[in-house]
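Following: one structure in structure tokens, then a few remarks.
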Amino acid sequence: MSGPKAPSSVGRLPTAVADEMVRRLFDDGDPESDDRILFPGVGHGELVEAVARYCERHELDFPESIALETNEELVEEAREKFDELPLEVRRLDFLGSLPDLGEFEFIVSDPPVARLHELSQEVREDLAMRFDTISADGPGRDEDYYLAFFEQGLGILAAEGRLVFATPDFTSKQGHSAIPELKRRLTTFHIEDIDESPVESPYDQAELDIVITTVAHAEPDSKYASEVDFEGVQEALTVTYDIGVADIMTQDPVAFYSDDDVHSVYLTLVRNDYDAAPVRDRDTGECLGLVSKAELTGADTGTLADGYITDLDESRLISATASFDELLTQLREKRFCVVGTADDIRGIVTRFDLNSMEVYFHLYAKFAQFEIGLRNAIRDYEIDWDDALLEAGISWTDIKRRRKEYREKSEVAQDVLDTLLLSDLIKIVENSRLQAEIEFDRSSLGVRPSAINKLRGSVAHYQPLIHTMDSLSLPKQRTAENFGEVYDALNESLQALESRNYI
């Protein structure tokens, strides 16, 4: 690090200060067997020794730990001094480009300090590009290098983890506390509390008193976090997107005549991706029936009049004003429907038209309602979501990752549930008393709840909703009948949630 004044530590920590820092580190509970500790800027290892003393006093195993240090001599010193502890000492700059170290339940350090205005513009710009807490232009006289340590540390601190730093006194030269500003800069990290306790420095060269600063992850502080009208957001997301036959049909399809060549008609159907089309009398324009691509497969010679025209069955007709639900009911039975009347054909709609963009929009709105309804129901029944996920087989590591993802989105999420995927919400309902309350099981819905999530995945990633025109298919292919069953289950669940005012 270059600059007029290089960042430096506040000095060797006295044993009493190091022990007090470690006491606060474990104030919410002793480290468990799978917890990890990070020692950024380990220096001479005073804090490692303090953790070792704490573990010895409380008859605990020293947790798996990683220590980082840039000074090669100090790295070797730490490796020799702590070679019997489960401590990996690595020569890395904590504020540099770190490899994936994973998350840590505890982070404790005596970070280097330096006023930002005393660093060169080049150094400030480099830090500002990588850390939101650092100002490149015109930093205040009380802004310090250690802010980046807070940001970097909180970025890899596990859910409900604790971070303890020895820092300069947060009180500015003007006598104002810097805590509100620190909270503002770190608001996305869900600071539970910043506990500052000055400790008189025994070193003449230290300009400021030492402060033990403890930061814990928890709910965001509403005083510093942005307010979001979550009810307004939900209301906006629960607007339905209703569609009907007219939105997805092929309008005014190409019509053929009874004396048209079968081979030419077949090629036209393939080229236009039609499953069927009307056949008319060339002189009167009267509709004689339909010709389907399936009927013409393998036909080489002749005209449509040679037995390839199918009568227009009344059951195949559907009104242009029919709803999507009415259309789906018919397509579950028939490969295609004719829109209009025998005398006035307005269009044709096939099973593959269920893959049209309008259907995706229609389903997207339904799934938004569904997810919001499940979240509100889980909140209302006060379901312990992490216990339910553990019951469903989700590992504790993955649950902690979900908590971390929530912290990163805290300004737009009112709680962890807002950041969980539908698959998680379904597992929570299936593994709690809520399942019986809203009849969310296969016997009630007719399909596995996971099938609803699979359909939602197809909608989210714009994958085909219908894989085949046939009624029977391979196991992983979704037919119109399969689609209809899941669609019915989704609607039944929405009705159950709406009847309980969760939507």
- Using packing as a proxy for protection, rank 442-448, 371-377 so that the peptide with the highest average count of other Cβ atoms within 10 Å comes first. 371-377, 442-448
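Two decimals, Cα atoms only, Kirkwood Rh: what is Rg/Rh over the range 344-443? Let's see the in-between values first.
Numbers: Rg = 17.7 Å, Rh = 15.7 Å.
Radius of gyration relative to Kirkwood radius: 1.13.
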- Task: Treat each spin label as a single point 7 Å out from the Cα along the C-beta direction, and report the SER443 to GLU76 distance in nm.
- Result: 7.2
- Query: What distance in nm separates the simple spin-label points at GLU333 and ARG433, each placed 7 Å from Cα in the Cβ direction?
  - Reply: 4.4
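So if we plug the beta-carbon distance of ALA392 and HIS263 into 1/(1 + (r/R0)^6) with R0 = 56 Å, what FRET efficiency do we get, rounded to 0.05?
It comes out at approximately 0.50.
Taking the Cβ of LEU390 as the center, what net charge do the other residues with Cβ under 11 Å away carry, scoring Lys and Arg +1 and Asp and Glu -1?
Values: positive: LYS427; negative: ASP384, ASP386, ASP387, GLU391, ASP398.
Here the count lands on -4.
Which pairs, out of LYS334/LYS427; LYS81/LYS400; LYS81/LYS404; LYS334/LYS366; LYS366/LYS404; LYS293/LYS334, put more than 23 Å between their alpha-carbon atoms? Could you put the intermediate results ahead of the total?
Working: LYS334/LYS427 35 Å; LYS81/LYS400 33 Å; LYS81/LYS404 34 Å; LYS334/LYS366 25 Å; LYS366/LYS404 28 Å; LYS293/LYS334 14 Å.
Those over the limit are LYS334/LYS427; LYS81/LYS400; LYS81/LYS404; LYS334/LYS366; LYS366/LYS404.
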- Query: Under a Cβ-Cβ cut-off of 10 Å, what is the net charge of the residues other than LEU420 that fall near it, where Lys and Arg count +1 and Asp and Glu count -1?
  - Reply: -2
- Query: Hey, can you rank 449-457, 33-41, 389-397 by average C-beta count inside 10 Å, highest first?
  - Reply: 33-41, 449-457, 389-397
- One finds, for MET129 and ARG500 with R0 = 60 angstrom and r their Cβ-Cβ distance, a FRET efficiency to the nearest 0.05 of 0.75
- Query: DSSP loop GluC sites (Glu not before Pro) in the range 251-359 with at most 11 other Cβ atoms within 10 Å of their Cβ, which ones?
  - Reply: GLU286
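For ASP415 and LEU60, compute 0.36 nm times the residue count separating them, minus their Cα-Cα distance, and round to one decimal in nm.
124.4 nm
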- Query: For LEU317, which sequence-distant residues (separation of 5 or more, or a different chain) have an amide H within less than 5 Å of its own amide H, given hydrogens modelled in the peptide plane?
  - Reply: VAL338
- What FRET efficiency comes out for the pair GLU314/VAL254, r = Cβ-Cβ distance, R0 = 30 Å, nearest 0.05? 0.85
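Computed from the coordinates by the stated procedures, all read-outs in this text should not be read as laboratory data. Note that the structure is predicted; figures quoted are calculated from it, not measured. With ideal geometry, Cβ positions are generated from the backbone for all residues, glycine too; neighbour counts draw on all protein chains shown.
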